[in-house]
1. Once you mark the GluC sites (Glu not before Pro) that are in a DSSP loop and have at most 15 other Cβ atoms within 10 Å, what is the longest gap between them in the chain?
2. Output the direction-averaged projected area (hull surface divided by four) of the convex hull of the alpha-carbon atoms of the range 44-92, in nm².
3. Given springs between every Cα pair under 10 Å in a Gaussian network model of the chain, which of Gly100, Gly87, Gly27 has the largest fluctuation?
4. How large is the Rg to Rh ratio of the chain when both quantities use alpha carbon positions and Rh follows Kirkwood?
5. Per residue, what volume in Å³ does the Cα convex hull of the range 114-163 take up?
6. Nearest 20 debye, what's the magnitude of the dipole of the range 50-145 about its Cα centre given +1 on Lys and Arg Cβ and -1 on Asp and Glu Cβ?
7. What is the percent carbon and sulfur in the accessible area of the range 33-163, measuring with a 1.4 Å probe over the protein chains and ignoring ligands?
8. Taking K and R as +1 and D and E as -1, what net charge do the other residues with C-beta under 11 Å from the C-beta of Ser114 add up to?
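The values are calculated or read from the model by the stated rules, or taken from the named source; none is laboratory data. Just so it is clear, the model here is predicted, and its values are computed rather than measured. Note that each Cβ is placed from the backbone with ideal geometry, even for glycine, and that neighbours are counted across all protein chains shown. Ligands, DNA and RNA are stripped out before the accessible areas are found, and what is left, the full protein with its side chains, is counted by its heavy atoms. Shrake-Rupley method; radii C 1.70, N 1.55, O 1.52, S 1.80 Å.
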Amino acid sequence: MKKYGIFYGSLTGTTAGVAQRIAAQLGVNETDVHDVSKTTPSVLGDYEEIILGTSTWGDGEIENDWYDFLDGAQALDLKGRRMAVFGCGDQTMSHTFCNGVGELYSRMIPTGVSPVGAFNVDGYEFDHSDAYRDGHYVGLLLDMVNHEDTADERIRQWVALIR
């Protein structure tokens with residue numbers, strides 16, 4: 001069985017809640033769900049499957065707790081591990097929707113992780129997201145403000161994809 005580690009940054013609790021939903025779908029133990037503000041980056045090395053989640057703030061930035069964590073993570077060699085990313089945003093922030101997901105992705109790729117979990121954005125309307133790379137969205141983008149009613153189904157489909 002694959003060993004999943006879920007890492008999130010969450011200011012308001014929304015992304016933390018999504019991390020818990022993903023953990024429940026994957027059968028991940030609570031001890032393998034990590035708030036990056038309380039975790040050292042070296043813990044990433046304990047997992048074969050790394051799932052990272054952030055909200056998007058300000059002008060499209062990742063949640064603040066991620067900055068120091070990512071600085072440390074970028075020094076790691078994570079070759080052989082798979083990485084999936086997810087994030088929360090608000091489609092009415094049309095030019096920065098879930099940009100944080102794209103930033104997580106970009107900053108983790110140099111560690112040697114193998115990205116998985118590209119997913120659709122059907123039903124959302126926005127102009128731009130930095131999570132769009134090479135012709136696809138790099139992870140699970142969720143609008144918990146305007147489309148919370150679709151979150152459980154999106155999470156279920158995404159988890160089936162990354163499993």
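1. Answer from the scan: 49-124.
2. So the Cα hull casts an average projection of 3.9 nm².
3. Gly27
4. Reported Rg/Rh (Cα atoms, Kirkwood Rh): 0.92.
5. Given the Cα convex hull of the range 114-163, per-residue volume reads 83 Å³.
6. It comes to approximately 580 debye.
7. Whole-percent figure for carbon plus sulfur exposure: 46.
8. Residues close to Ser114 contribute a combined charge of +1.
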